[in-house]
Every structure is written in C-alpha cells, then in structure tokens.
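The values are calculated or read from the model by the stated rules, or taken from the named source; none is laboratory data. Predicted, not measured: the structure shown is a model, and the values here were computed from it. Note that we place each Cβ from the backbone using ideal geometry, even for glycine, and neighbour counts take in every protein chain shown. Areas reflect the complete protein model, heavy atoms only, side chains present, ligands, DNA and RNA absent. Shrake-Rupley method; radii C 1.70, N 1.55, O 1.52, S 1.80 Å.
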Amino acid sequence: MTMPSNLCPNRMQIHSIIKETSDVWTINLINHDFYTYSPGQYALVSIKNSEDVMRAYTLSSSPGKSRFISITVRRLDDGVGSNWLTRAVKPGDYLWLSEAQGEFTCANVNSHQYLMLAAGCGVTPIMSMTRWLMANRPETNVKVLFNVRDAQQVIFAEEWQQLTNIYPDRLQLCIMAENPDNGGITEGRLNEEKLKVLVPDIASRVVMTCGPVPYMKNAQKLAENLSVPAEHFFMERFSTEPEAVNNEDVLTLKIRHRLIDFKVPVGTSLLSALEQNKQPVIAACRAGVCGSCKTKVLSGNYTTTSTMTLTQDEIDAGYVLACSCQLQSDVEIA
Ligand code: FES
C-alpha cells in the first residue's frame, strides 16, 4: 500500500474501535515502527487514504503508557473525516498518520500543579496528559474540570473512574453539566465563582484548556481574572469540535476577484465563511498545518491561531491560513 501523502508517512493498523459515547469512538492503532509523540499532541490522518483530504485528531493515548496509538473522534453530521473513521473503517484496516504535531503538551512544562479545563471532545488531550503525568511525575497534582452536556456524554468515563481510584491524593476530577441527571455531577457552567470554590489555589497552577474556541477564550479570561500568570496558561490551537460562533454581531466578507460579498458572524473562521457561502476553497488538514488554504487578505481585522506554513514575507503581505483565521471586522480578500 503506497503512502497517500508526504504529510502522512506513518502506516498504522486498526486493532480495535471502542465506542465512548453515542457519537464518539476511540480507534486503537498498532504501529509497527517507532512513533514519537508527546502527551497532548495531535496527528493528521489521511481520510480515505487520499492525498488531499486530511483531518487533525488528538492522540488520546499516552506515550510510554498506552498499549496502542489511539485517536478519539466525534462524529459530526457533515464531517467527511469523522464519518469515514466512525462508519467505514474496521479492525485490520490501515490508516496513514502524520508525525505528531502541536505545542499543547505538558511534557515541556515544569510544574507540580495543574488545572486541566476540558469541554466535550476537548478532553482527549487532557486525558492523554493526565494519564502521562500520573505515571511519570509522581510529585504532580492535577485537577480536571470537565464540562459535558449531560452524564451520557462523559468521554473515557470508566478510565476517569479508574484513575481517580488509583491516584486519590493526586488527581481530582469534577464533571460539570448543564443538565446533571446523575449523582456526582456538578451543575452549571464554568465561571469565576465556581473556579474560586473548586480551585482556590488556581493562581499557583498551570492551566491547560481544550474545547470549543468560545469555551477556551472564556477559560482564558477567567484565569486572567483569577491571577494566573499568562505564561502559565495554555490552550489548544485547533479544535475538532464544530465551530460554535454564537455572535449577533455580523461583518461583511468581500471577495474582490468574484465581486461578491456576504454577511457572517464576527469570529467565524475565514474557511467556514467561504464554505458556508459555497465559495471554492481547498482545505486538507483544517488545522493550520498543511498550508493548502492559504488566502490573501487585502484589508480588515482578524486573529490567527496558526501561521505555521507561511513565511514572514507572506504574513506581512496579508496571507493567512483560512482555517486558522478568525474574522473580527469587515474583511476583503483577493
Ligand atoms: S487546511 Fe491545512 S492549513 Fe488550512
């Protein structure tokens, strides 16, 4: 079987597929070669073993601790990658993965105290890091606050239970749900009052968060308000959750060469804005890694979460990666 893309040179065989919740599965992979990764990192997966469609998934396993290399995937209604991975592939099939990517890892952070904030499928790197910290840094204390919709949506429920039983003094888990329908789950959303009560020593902890972008931005603001130094706060740069832009403010996106414009909510990614308005755009990884969605912005304000494949000259000239560019004001692209 030939390598579909230079970006995904690692062939791995599916050992087993585990259903975590009604719409989340963990795919356990046997890797016949050496594969180096750090807890919390992600990899691109070639979808349908094709050259030009890749998706990024967190490696939910932990290096040196887990039996398999694992990815955990939430099935999205119109997700090309997630539908293939959760409906079509089966044990014995092969997947092609990139090298491990990403800076969101506790391996390079020197701390004995962590607060992990996760929402939904954002718990995947948090589990990878927590498992690794428990096994490799015996002096470390970890608090995990995990936000879910309801008790049925707790990804890795059994393993969380096991870990908290094995490490009762070093690991505290609090599961929070807006609709707690089961004992042991705290009601509500993440807010300042809850954090003050649940994590009174937050200012002395390294805070790491992963989840939908609005959740992570809220976590960042709360951490800032509660005196967590900026250098002790880390958030994942990509999200496999569907983009949840819930903003009444709208902006105008103009496409100069097509002489058209659209209204989109402030904060939408340029890639989503183009796709939602049926404009042609190439996007392979959707994670700011492959460079296929490079687009030139002529005017307007935006923020970026990745410029990984761009040169400084390109950035100065207004080029962005559409998947990693959040629109903040009226914007015109070439
Ligand atoms: S789709 Fe790969 S960088 Fe945007």
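Assorted remarks:
- Here's the picture: a label point sits 7 Å out from the Cα of Glu314 along the beta-carbon direction, and within the stretch 259-276 the residues with their amide nitrogen under 17 Å of it are 270-271.
- Each Cα pair under 8 Å and six or more residues apart adds its separation to the average, and for the stretch 265-334 the resulting relative contact order is 43 percent.
- Zone residues, the stretch 58-100, relative to Ile30, backbone N less than 15 Å from point 7 Å out along Cα-to-Cβ: 67-70, 90-95
- Coupling constants for the stretch 37-46 follow from the phi torsions by the Karplus curve (6.51 cos²θ - 1.76 cosθ + 1.60, θ = phi - 60°), and in residue order they are 8, 10, x, x, 6, 10, 9, 7, 10, 6 Hz; glycine and proline get x.
- Rg and Dmax, both from the Cα atoms of the stretch 79-152 and both in Å, are 15.8, 43.
- For the stretch 250-333, the C-alpha radius of gyration sits at 0.97 times the compact-globule guess of 2.2 N^0.38 Å, with N the residue count.
- C-alpha center-to-center spacing [the stretch 133-200, the stretch 27-61] in angstrom: 27
- Under 5 Å from the amide H of Ile30 lie the amide H atoms of Gln13, Ile14, His15, each residue being 5 or more positions distant or on a separate chain, with H modelled from the backbone and absent for Pro and chain starts.
- Contact order for the chain, expressed relative to its length and based on alpha carbon pairs under 8 Å spaced 6+ residues apart, stands at 14 percent.
- Potential extension, Ala230-Ala157 segment - 0.36 nm per residue separation minus Cα distance: 23.2 nm
- Taking the charge dipole of the chain about its Cα centre, with +1 at Lys and Arg Cβ atoms and -1 at Asp and Glu Cβ atoms, the residue from Leu97, Val24, Leu274 reaching farthest to the positive side is Leu97.
- Cβ-based net charge around Val73, under 10 Å, with every Lys or Arg adding one and every Asp or Glu removing one: +1
- Percentage, to the nearest whole number, of Cα pairs in the chain over 30 Å apart: 37
- When cysteine pairs in the chain are screened for C-beta atoms closer than 4.7 angstrom, the residues that find no partner are Cys8, Cys106, Cys121, Cys174, Cys210, Cys293, Cys323, Cys325.
- Using the Cβ-Cβ distance between Thr2 and Ile166 with R0 set to 35 Å, the FRET efficiency from 1/(1 + (r/R0)^6) comes to roughly 0.20.
- Each peptide among 280-290, 205-215 gets the average number of other Cβ atoms lying within 10 Å of its residues, and from highest to lowest they stand as 205-215, 280-290.
- Kirkwood-type radius of the stretch 1-105, with distances r between different C-alpha atoms, in Å: 13.6
- Over 24 Å between alpha carbons, listed pairs Lys48/Lys90; Lys196/Lys221; Lys143/Lys196; Lys194/Lys221; Lys221/Lys294; Lys65/Lys194: Lys221/Lys294; Lys65/Lys194
- Probe 1.4 Å, protein heavy atoms only - accessible area per residue of the stretch 59-198 in square angstrom: 44
- Taking the C-alpha atoms of the stretch 113-235, convex hull volume expressed per residue in Å³: 98
- Relative contact order (percent, whole number), the stretch 10-97, Cα cutoff 8 Å, 6+ residue spacing: 37
- Accessible surface ranking that places the most exposed of Tyr167, Tyr42 first, with a 1.4 angstrom probe: Tyr167, Tyr42
- Karplus (6.51, -1.76, 1.60) ³J(HN,Hα), θ = phi - 60°, over the stretch 8-13, in Hz, Gly and Pro reported as x: 10, x, 9, 8, 10, 9
- Separation in nanometres of the label points that stand 7 Å from Cα toward Cβ, at Ile282 and Ala203: 5.2
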